[in-house]
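As structure tokens, the structure follows; a few thoughts come after it.
The values are calculated or read from the model by the stated rules, or taken from the named source; none is laboratory data. A quick note: this is a predicted structure, and the numbers were derived from the prediction, not measured. Here the Cβ is made from the backbone with ideal geometry for all residues, glycine too, and neighbour counts use every protein chain on show.
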Amino acid sequence: GENVEQHPSTLSVQEGDSAVIKCTYSDSASNYFPWYKQELGKRPQLIIDIRSNVGEKKDQRIAVTLNKTAKHFSLHITETQPEDSAVYFCAAKVDSSYKLIFGSGTRLLVRP
Amino acid sequence: NAGVTQTPKFRILKIGQSMTLQCTQDMNHNYMYWYRQDPGMGLKLIYYSVGAGITDKGEVPNGYNVSRSTTEDFPLRLELAAPSQTSVYFCASSYSTGSGGSYNEQFFGPGTRLTVL
């Protein structure tokens, strides 16, 4: 079955710096890749997603890149702010499946 | 729209007790999911449903049961609660045109924090 690996597990950056979180997936039939942000004590919320027919997608300070050949995708946050501090989860969905497979999460700390 | 709602927000159970976690969505989504999240950990899928009357097991279904009699509701039943079931439970829903079709965002409910003592 599909497996998603996420790195790093923790990431500490200075405010204003960029942060990059990487995920790899195992099933080449995966076609949907969302990223969720979870603040402490809150529910996960979608921040950006990308489909397999697109290589990159941007939304203000957030971007996601997808490399289908290497089977990995990355979240890029530029000009980080303290409110970006949270746990970020990547996920992948195999075309024939009804389920998202989540990565193990990255705890991002943005130091003021 | 209220989105995905869950009740209760908090609950403490004694070992061996049973309870039902309620989940309702008002977005007419066909897919619904139950996850558990242990402290500091990721999301583990317990059960999911692709439509009324259809349910299937996720990766950690033991000790739980579900039903889906309507599009809106997807209750999770815990029988004979055990300390290992102490966790935060999230319900989620999404819409898809089916396998191979366009899949859309999963919306999560606010969660139920369950403690079994």
Practice problem: Kindly indicate whether any position in segment B:70-84 is among the small types (Gly, Ala, Ser) and under 30 Å from A:Ser52 (Cβ atoms). | Solution: no
Quiz item: Of B:Val60, B:Val88, which residue is within 25 Å of A:Gly41 (Cβ to Cβ), of a type in the set (Val, Ile, Thr) and part of a loop (DSSP other than H, G, I, E, B)?
Solution: B:Val60
Exercise. Pick out the one residue from B:Leu43, B:Leu13, B:Leu80 that is touching a residue at least 24 places away in the same chain (Cβ under 8 Å), more than 11 Å from chain A (Cβ to nearest Cβ) and crowded, with 17+ Cβ neighbours inside 10 Å.
Key: B:Leu13
Quiz item: Restricting attention to segment B:21-40, which residues are more than 10 Å from chain A (Cβ to nearest Cβ), surrounded by fewer than 15 Cβ atoms within 10 Å (Cβ to Cβ) and either of a type in the set (Val, Ile, Thr) or farther than 22 Å from B:Glu72 by Cα (or both)?
Solution: B:Asp38, B:Pro39
Quiz item: If you go through segment A:88-97 one residue at a time, do you hit one that is β-branched (Val, Ile, Thr) and either at pLDDT below 95 or not in a strand (DSSP E or B) (or both)?
Solution: yes
Exercise. Could you please find all residues in segment A:100-111 being surrounded by 20 or more Cβ atoms within 10 Å (Cβ to Cβ) and either at the interface with chain B (Cβ under 8 Å from one of its Cβ atoms) or of a type in the set (Phe, Trp, Tyr) (or both)?
Key: A:Leu100, A:Phe102, A:Gly103, A:Gly105
Quiz prompt | In segment B:46-77, the residues that are of a type in the set (S, T, N, Q) and more than 10 Å from chain A (Cβ to nearest Cβ) | solution = B:Thr55, B:Asn62, B:Asn65, B:Ser67, B:Ser69, B:Thr70, B:Thr71
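Residues checked against (1) surrounded by 14 or more Cβ atoms within 10 Å (Cβ to Cβ); (2) acidic (Asp, Glu):
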| residue | (1), (2) |
| --- | --- |
| B:Arg68 | yes, no |
| B:Asp73 | yes, yes |
| B:Ser84 | no, no |
| B:Val88 | yes, no |
| B:Ala92 | yes, no |
| B:Tyr95 | yes, no |
| B:Pro110 | yes, no |
| B:Leu114 | yes, no |
Self-check item: Members of segment A:6-48 found to be part of a loop (DSSP other than H, G, I, E, B) and small (Gly, Ala, Ser), listed by number
Solution: A:Ser9, A:Gly16, A:Ser18, A:Ser26, A:Ser28, A:Ala29, A:Gly41
Quiz item: Only one of A:Ser97, A:Ser28 is closer than 22 Å to B:Glu59 by Cα, of a type in the set (Gly, Ala, Ser) and within 14 Å of another protein chain (Cβ to nearest Cβ); which?
Solution: A:Ser97
Quiz item: In segment A:36-57, what residues are out of contact with any Lys or Arg (no Cβ under 7 Å at 6 or more places or on another chain) and farther than 22 Å from B:Thr112 by Cα?
Solution: A:Asp49, A:Arg51, A:Asn53, A:Val54, A:Gly55, A:Glu56, A:Lys57
